[in-house]
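To start, the structure itself, in structure tokens.
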Amino acid sequence: MVKRVAIVGVGMQKFEFRKRETVEEMIFDVTRDALENSGLSKDDIDAVVFGSAVDAFCGIHNSDKVAIDASGGLLKPTMRNSTSGSTAISTPILGYTHVASGMYDIVMVICFEKMSENHAAQAVFNTVYDEAFVRPIGLNVPIQCGLEARAYLHRYGLTERQMAKVSVKNRGNALANPYAQLPMKLTVEDVMASPYLSWPVKLLDTSPVTDGARAVILASEDVAKELDDDPVWIKGVGRGADSVWFMGRRNADLGRLDYAYLAAQQAYDMAGIRNPMAEIDYAEVYDPFTYKEMQHCEALGLCPEGGAGRMIDEGISLKDGDLPVNASGGLQGEGNPIGAGMSRLCWCYLQIKGKAGACQVPKDVNTAVANGWGGMYQYNAVMVLGRD
Amino acid sequence: MNNRVCIVGIGVVESAEAITQFSHKELLFHATRKALDDAGLERKDIDSGITATFDFLEGRSLSNQFTLDSIGGVMKPCDLRLGEDGIYGLFAGYMEVMADPSQIVVVASVQKASERDPEGLGYQKLIADSMDPVFSRPVCKAVHNILGLESVLAAMEARAFMDRTGLSEEQLAKVAVKNLKNANPGDKNSPMEEEAVLKSDLLSWPIRRMTKAKEVDAACTIILASEKRAKDLHSEPVFIRGIGWCSDKSHLPFREQGVSKETKWAAHQAYHMAGIRRPDKEIDLAEVSDWYAHRELMHCEALGFCQANEIGSHIAEGMFEREGTLPVNASGGLLGRGNAVGTSGLIRIAQVVQQIRGQANGYQVSGVEVGLAHSWGGIPTATAGVAVLGKW
């Protein structure tokens, strides 16, 4: 019998560039915060799941192992997940599996990334590519995403101005977020005037290099009901992954994320959601680049396919819009510590609980969706949260 | 009860020599193909895939994104992880099947040690790189030993273990001899004796060339399904009766040397799940990590096969030999077959599955109903996984 799983607490921490804390200290802080928020002690935790994308950022081989003591996971089952950017959501999905399978009742999920401990994050990113064909070209993430953005804008007839509006929205939203690294009051003209990194991606279309961690505590139905009268349930989970060899895929058009549609479909099927546009109240989507938010809104069915431009033009995704997206500031405003993008899930939880502080949207939030994206245009993971 | 989880297919590609004709992706493809054939499945039947690889050993970041195509995981809900031994993939796969019993889950791992120099300085630096950068790493970087940090650290724990149990170097050599003989069952021409082991190069006393497993290339794929689905497949399924995994402190100065607490706790969970009270009586065969000769004995103690003060007499009586009451590493283990770091854990599982099915040609131990597979993360980690498998 598959068990229901709820989120019973989250641990937050300010996202910064060159954080003073070590990896262990970062993890200790969020673990402590999550335990305090949920009213549990470290002895209540049955198992720990870590998520971190790239060890080479912090230069520690098996970086989760050094942090086991700090996570309260000593002499307990601990496991590490890494699916690049989608680690952000696939790690809590692994935690969900721990509880849903009936193996454990209370599981701590910790995602972290210390990206600033090397001389250049983009040099590290070059090591994620195929060593024979792609790496020698000197590919990095802005170039990779420039190609994808171009294909996307072309396929659906969208514009760079629409991309810029996403940046203005997210960085503006981050002004209310106490954990944000890069809150900015911008105009579309500011974004359009920022230098190109890889056409059509401009400096202000990207997210910063960030150090940070997040923790989430998951619990089985019995435990969750004891701790909370109105728990936030994990209603649906979904994952999708496409070939690493993007030139040889069935759908060679980079503009459409088949794997993200696949992941969203699974999550919505599980959650019993047929019309996400009407049934989802709030979304935190993975937005390392402005056009990624637009692509993910389409893949998650928050707007019709190709309709992400109109969504931002009409203000639907603004904080006070009909379907607010990234009211926390997203990766653009809050910071983008790859694996710790699990912050997206934390904010969905906080919005449903009404605990999002100044980021709280002015509407009732009962059902929310978060996603993560990563790899060679490759992985997507989706999680739907909701109350009964 | 129809929701127990079974192993329905295994595929192993391993070689004592460097495999140069295949890339790591191809190795994994061949292992997966074998496993699918074993189970009588096709690529379209795969619902979910899990791989375990280590970035720094592969020399590429996000190394598991390259394994997706080889395991038939394209456009499937793949859930890949790294930084863990392959045996952790089995644990995650077990939970995946328990959470959604309709699934066929593929678990795979690959290691190409021949693409780097396992004994070179680069690898020794890597050992230091897995320490925390503030306290332990500077100390370890200061170890000026041409033979490497790994052997020095292994020697420290071997010494602590020998001091505590009173075991001698000769007794450790017997473990190596047993496993080498097990790995070459038909080979009568070159009798392997303790003499040869004790005369092999000294790396850092008491660690010698032949009491340390040699790194090799290998790939292994294991296919999991629920009991209900397993009934329809053509190979004999093997039940996963208990699983457990655990890590001890990573900071060396704070960790007790010469014991494997992580194995003890992992075994505790696995035995609890499997309902095993007397592992020494109830388990018919075990494949445990013998990365170093002393580690096999340390793990046997932690797994509850014997007490610390009984190890010596058990070695003398041959309890752990293939004909003994509890055969350990009848396949030859890592000392006999070679160690594919990160993949050998899954290979141990495959060995136990073969023994339970009665298909371990040449290595077969008769009447295996319950088998145990164990894996340890290697120097300097304290990470272990234990799986108890049972006959259908």
The stretch B:116-134, subset among the acidic types (Asp, Glu) and within 12 Å of another protein chain (Cβ to nearest Cβ), residue nearest to the chain's Cα centre (by Cα): B:Asp129
Near pairs, Cβ below 6 angstrom, 6+ apart or cross-chain, from the stretch B:332-352 (of a type in the set (Asp, Glu)) to any residue that is buried (at least 24 other Cβ atoms within 10 Å of the Cβ) and assigned to a loop (DSSP other than H, G, I, E, B): none
What tally of residues in the stretch A:68-110 results from selecting those that are in contact with a Phe, Trp or Tyr (Cβ under 7 Å, 6 or more places away or on another chain), more than 7 Å from chain B (Cβ to nearest Cβ) and in a loop (DSSP other than H, G, I, E, B)? 1
Identify the single condition in (1) within 14 Å of another protein chain (Cβ to nearest Cβ); (2) assigned to a helix (DSSP H, G or I); (3) of a type in the set (A, V, I, L, M, F, W, C) that A:Val382 does not satisfy, given that it satisfies every other one. (2)
Of the conditions (1) outside any loop (DSSP other than H, G, I, E, B); (2) surrounded by 16 or more Cβ atoms within 10 Å (Cβ to Cβ), A:Gln181 clears all except one; give me its number. (1)
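Taking the stretch A:10-37 only, how many residues are in a loop (DSSP other than H, G, I, E, B) and within 15 Å of A:Ser343 (Cβ to Cβ)? Give the derivation first.
If we filter the stretch A:10-37 for residues that are in a loop (DSSP other than H, G, I, E, B), which is where we start, we get A:12-15, A:17-22.
From what is left, the residues that are within 15 Å of A:Ser343 (Cβ to Cβ) are A:12-15, A:19.
Going through the stretch A:10-37 one residue at a time, the tally reaches 5.
Quick check on this structure: which one of A:Thr290, A:Thr206 is among the polar types (S, T, N, Q) and either buried (at least 24 other Cβ atoms within 10 Å of the Cβ) or under 26 Å from A:Val365 (Cα atoms) (or both)?
Working: A:Thr206 fails: either buried (at least 24 other Cβ atoms within 10 Å of the Cβ) or under 26 Å from A:Val365 (Cα atoms) (or both).
None of the other options fit; the residue is A:Thr290.
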Among the numbered criteria (1) in contact (Cβ under 8 Å) with a residue 60 or more places away in the chain; (2) out of contact with any His (no Cβ under 6 Å at 6 or more places or on another chain), which one does A:Val188 miss? (1)
Are any residues in the stretch B:1-47 closer than 22 Å to B:Asp100 by Cα and either exposed (fewer than 15 other Cβ atoms within 10 Å of the Cβ) or charged (D, E, K, R) (or both), and if so, which ones? B:Met1, B:Asn2, B:Asn3, B:Arg4, B:Gly40, B:Glu42, B:Arg43, B:Lys44, B:Asp45, B:Asp47
Across the stretch B:116-139, the tally of residues that are part of a helix (DSSP H, G or I) and either touching a strand residue (DSSP E or B) at 6+ places or on another chain (Cβ under 7 Å) or not β-branched (Val, Ile, Thr) (or both) stands at 11
Sole exception among (1) in the same structural domain as B:Gln359 (by TED's automatic domain parsing); (2) modelled with pLDDT of 85 or more for B:Glu193, by number: (2)
The conditions are (1) small (Gly, Ala, Ser); (2) in the same structural domain as B:Ser344 (by TED's automatic domain parsing); (3) over 30 Å from B:Leu198 (Cα atoms); (4) out of contact with any Asp or Glu (no Cβ under 7 Å at 6 or more places or on another chain), and B:Ala225 fails exactly one of them. Which is it? (2)
Can you spot a residue in the stretch B:283-302 that is out of contact with any strand residue (DSSP E or B) (no Cβ under 6 Å at 6 or more places or on another chain) and among the β-branched types (Val, Ile, Thr)? no
Would you check which residues across the stretch B:7-25 are more than 13 Å from B:Ala225 (Cα to Cα) and modelled with pLDDT of 95 or more and list them? B:Gly11, B:Val12, B:Val13
What tally of residues in the stretch A:240-259 results from selecting those that are away from chain B (no Cβ under 11 Å) and modelled with pLDDT of 85 or more? 5
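Out of A:Val2, A:Val48, A:Val23, I need the residue that is surrounded by fewer than 23 Cβ atoms within 10 Å (Cβ to Cβ) and either among the hydroxyl-bearing types (Ser, Thr, Tyr) or within 12 Å of chain B (Cβ to nearest Cβ) (or both). Which one? Write out each step before concluding.
Values: A:Val48 fails: surrounded by fewer than 23 Cβ atoms within 10 Å (Cβ to Cβ); A:Val23 fails: surrounded by fewer than 23 Cβ atoms within 10 Å (Cβ to Cβ).
After applying the criteria, what remains is A:Val2.
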Among helices (runs of 4 or more DSSP H) entirely inside the stretch B:14-115, those with 3 or more residues being away from chain A (no Cβ under 11 Å) and out of contact with any Leu (no Cβ under 7 Å at 6 or more places or on another chain) are B:24-39
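Can you name every residue in the stretch B:54-84 that is among the acidic types (Asp, Glu) and farther than 20 Å from B:Gln124 by Cα?
B:Asp69, B:Asp79
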Do we find a residue being out of contact with any His (no Cβ under 7 Å at 6 or more places or on another chain), over 25 Å from B:Ala384 (Cα atoms) and acidic (Asp, Glu) anywhere in the stretch B:67-80? yes
Considering (1) acidic (Asp, Glu); (2) surrounded by fewer than 22 Cβ atoms within 10 Å (Cβ to Cβ); (3) facing another protein chain (nearest Cβ under 10 Å), say which one A:Asp55 fails and leave the rest. (2)
State which residue is farthest from the chain's Cα centre (by Cα) when the search covers only the stretch B:202-246 and only residues that are among the hydroxyl-bearing types (Ser, Thr, Tyr) and within 23 Å of B:Gly332 (Cα to Cα). B:Thr211
Counting just the residues of the stretch A:293-312 that are touching a strand residue (DSSP E or B) at 6+ places or on another chain (Cβ under 7 Å) and not in a helix (DSSP H, G or I), which one comes out surrounded by the fewest Cβ atoms within 10 Å (Cβ to Cβ)? A:Leu302
May I ask you to list the residues in the stretch B:365-386 that are assigned to a loop (DSSP other than H, G, I, E, B) and within 14 Å of another protein chain (Cβ to nearest Cβ)? B:Gly377, B:Gly378, B:Ile379, B:Pro380, B:Thr381, B:Ala382
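Could we say that A:Ile137 is free of Cβ contacts under 8 Å to residues at least 40 places away in the same chain and surrounded by fewer than 19 Cβ atoms within 10 Å (Cβ to Cβ) here? First the steps, then the outcome.
Working: free of Cβ contacts under 8 Å to residues at least 40 places away in the same chain: yes; surrounded by fewer than 19 Cβ atoms within 10 Å (Cβ to Cβ): yes.
Against the criterion (free of Cβ contacts under 8 Å to residues at least 40 places away in the same chain and surrounded by fewer than 19 Cβ atoms within 10 Å (Cβ to Cβ)), A:Ile137 qualifies.
The values are calculated or read from the model by the stated rules, or taken from the named source; none is laboratory data. On a predicted model such as this, the values are computed, not experimentally measured, just so you know. Please note: Cβ atoms are built from the backbone with ideal geometry, for glycine as well, and neighbour counts cover all protein chains shown.
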